[in-house]
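Shown next, in structure tokens, is the structure this report addresses.
Coordinate-derived values only; no laboratory data. All values derive from a computational prediction rather than experimental measurement. With ideal geometry, Cβ positions are generated from the backbone for all residues, glycine too; neighbour counts draw on all protein chains shown.
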Amino acid sequence: MDQLQFLAAPFVASLILAGIHTYLGLHVVERGVIFVDLALAQIAALGWAVAVWYGIAPHSPQAYIFSLAFTFIGAAIFANVRDRKSNIPLEAIIGITYAVSSAATVLVMSKAVGQTEHLEHMLVGNLLFVSWPEVGKTAALYGVIGAFHYIFREAFLAVSMNPSIERIRGVSVRIWDLMFYASFGFVVTSSVSIAGVLLVFCYLIVPSVGAMLFARTIGRRLLIGWTMGALVSALGIFLSLTLDFPTGGTIVCTFGLVLVLMAVGKQFWTRFASA
């Protein structure tokens, strides 16, 4: 019973993360910008590192504002680059942004004496020790963002899946891109402080990719992705506690293993159906 009470908050937090990130992951996969979440998460980590460098407490509201401001800058860059006619693919810009942000974070943290442990938490997270107040604030924020995306779901889905048609219709793709990446920035900044860069990336991409193996419609992909995210989160947290492994890394590896099993199962099912 004590273990269940201890795991309740991390499990609920993982469900919240899986819920919002699976939806956003569908947009990211359709846009073909797979590593945008990883890049924005690293930019958020850079903003946090700069705040700590200036002597701001790691988990204070001021540090969050620093991180959010850096994320908004990255969101504005990605939204602006996508709308331009250029021979340079957006994925290349995202990769460069991630590499530079990662290096800059290491450089800044090298000057922040005694904060190495916090840098590790930004990478792999500290989900197992999340508190109920953090869970409540995260749920409220993601609820607002989810409602925003639901209200304007047709525009967001249209721009993500077929932006060329929207340009013909006269819709400003850049504006919708900016709103998408800005709302994405809110999610990433909050998620990184709870789960870390790597786990946030997995919550965004792996459930969406797993759902695409078995479904084509948005509704079915969401249902499969949410189910996968919930089950893998529960299994990962349980294995982390049982085997005494870091929670973030355990859930990431569990996501990878389950995705491989789903892909193998899909192959067997396809061959069985053909036969």
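Report note on the peptides 19-32, 136-149, 201-214: ranked by the mean count of other C-beta atoms within 10 Å, highest first, their order is 201-214, 19-32, 136-149.
Applying the criteria of a DSSP loop state and at most 14 other Cβ atoms within 10 Å to the trypsin sites (Lys or Arg not before Pro) of the range 214-265 yields Arg216. At q = 0.12, 0.15, 0.16, 0.17 Å⁻¹ the log10 of I(q)/I(0) for the chain amounts to -0.75, -1.15, -1.28, -1.41, computed by Debye summation with a single uniform scatterer per C-alpha, solvent ignored. When each of the peptides 58-66, 33-41, 250-258 is scored by the mean number of other C-beta atoms lying within 10 Å of its residues, the order from highest to lowest reads 33-41, 250-258, 58-66.
A simple charge model with +1 on the Cβ of Lys and Arg, -1 on the Cβ of Asp and Glu and nothing else charged puts the dipole of the chain at about 920 debye relative to its Cα centre. Using a Gaussian network model of the chain in which every pair of alpha carbons under 10 angstrom is joined by a spring, one finds that among Gly196, Gly265, Gly229 the greatest mean-square fluctuation is at Gly265. Using Cα pairs closer than 8 Å and at least 6 residues apart in sequence, work out the relative contact order for the chain, in percent. Dividing the mean separation by the residue count of the chain yields 30 percent.
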